[in-house]
Amino acid sequence: MSNDKIMNKAVFLDRDGVINFKRDGYVKNVNEFVMLKDSAKAIKLLNENNFLVIIITNQSAINRKLLTHDALDKIHAFMKEQLSKDRAFVDDIYYCPHRPDENCECRKPKPGLILDAILEHDISTDKSWFIGDSDSDMIAAQLAGLATIKIQENGSLFDIVSKLVS
Ligand SMILES: [Mg+2]
Ligand SMILES: [Zn+2]
């Protein structure tokens with residue numbers, strides 16, 4: 001018998017430009033939330049391969065007063081509905097509502113949200129990845145001890161995930 005705790009493997013995903021189309025300005029309502037082609041299929045593949053799928057996203061539009069927490073919840077409910085059409089799901093969503101000038105501990109490139117998720121979901125960093133489209137994603141992930149994959153903005157998550165699980 002071993003007392004070693006079984007830890008989870010995870011793929012952390014940035015949201016805008018990775019799961020949904022990154023537009024000019026912010027995604028402020030469901031009409032502005034457009035899923036990228038095959039991102040649901042990619043997430044389903046992660047689900048099937050027993051990776052936790054956790055979104056880590058900066059949403060400074062909230063503290064810029066362009067978006068409410070409630071409106072963001074609606075956008076995420078809409079995203080989950082889109083994912084479920086492909087029988088895909090995310091395990092958790094962490095977002096930072098702060099503006100850069102607030103100097104919080106959670107806005108990427110700081111690793112705060114990722115570190116919270118690692119603790120809350122018993123994630124082994126050795127078996128986990130972060131996929132994002134910006135340098136701040138890569139820096140935050142590296143500070144949290146994760147391997148990183150940079151995707152082209154609005155690129156194919158499915159191509160990357162297929163390689164990752166093979
Ligand atoms: Mg992004
Ligand atoms: Zn923050």
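No lab work stands behind these numbers, since they all come straight from the coordinates. Values in this document were obtained by computation on a predicted structure and should not be read as measured data. When we count neighbours, we look across all protein chains shown, and the Cβ atoms used for this are built from the backbone with ideal geometry, even at glycine.
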Inset, instruction - Hand me the chymotrypsin sites (Phe, Trp or Tyr not before Pro) from region 86-166 located in a DSSP loop with no more than 16 other Cβ atoms within 10 Å, in residue order please. - result: PHE89
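Greater than 21 Å separation of Cα atoms is the criterion. Which listed pairs, LYS5/LYS127; LYS80/LYS108; LYS9/LYS44; LYS65/LYS108; LYS5/LYS108; LYS65/LYS150, meet it? Intermediate results must be reported in sequence, preceding the final value.
Details: LYS5/LYS127 14 Å; LYS80/LYS108 23 Å; LYS9/LYS44 15 Å; LYS65/LYS108 19 Å; LYS5/LYS108 29 Å; LYS65/LYS150 30 Å.
Violating the 21 Å limit, Cα to Cα: LYS80/LYS108; LYS5/LYS108; LYS65/LYS150.
Looking at region 10-165, send over the antiparallel percent of its DSSP beta bridges, to the nearest 5.
Numbers: 1 of 18 bridges.
Beta bridges within region 10-165, antiparallel portion: roughly 5 percent.
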Legend entry - Equivalent ellipsoid semi-axes, the chain, via Cα gyration tensor eigenvalues times 5, rooted, Å: 24, 20, 15
Inset, instruction - Using only Cα positions of region 79-166, each an equal point scatterer, no hydration layer, compute I(q)/I(0) via Debye at q = 0.16 Å⁻¹ and quote the log10 values to two decimals. - result: -0.76
Inset, instruction - Considering Cα pairs under 8 angstrom that are at least six residues apart, work out the relative contact order of region 10-165 and quote it in whole percent. - result: 32 percent
Inset, instruction - Return the loop-located trypsin sites (Lys or Arg not before Pro) in region 49-79 (DSSP other than H, G, I, E, B) with at most 13 other Cβ atoms within 10 Å of their own Cβ; answer none if there are none. - result: ARG64, LYS65
Inset, instruction - Sorted from largest down, give the three principal axis spans of the alpha carbons of region 14-70, whole angstrom values. - result: 39, 20, 16
Legend entry - Unpartnered cysteines - no second Cys beta carbon under 4.7 Å - across the chain: CYS104
Inset, instruction - Quick one: which residues, 5+ away or cross-chain, put their amide H under 5 Å from the amide H of ALA147? H built at 1.01 Å from N. - result: SER128, PHE130
Legend entry - Selected from ILE151, ILE55, ILE43 as most flexible by GNM, with the chain as the system and alpha-carbon contacts under 10 Å: ILE151
Inset, instruction - List the GluC sites (Glu not before Pro) within region 59-166 that fall in a DSSP loop (any state other than H, G, I, E or B) and whose Cβ has at most 12 other Cβ atoms within 10 Å. - result: GLU105
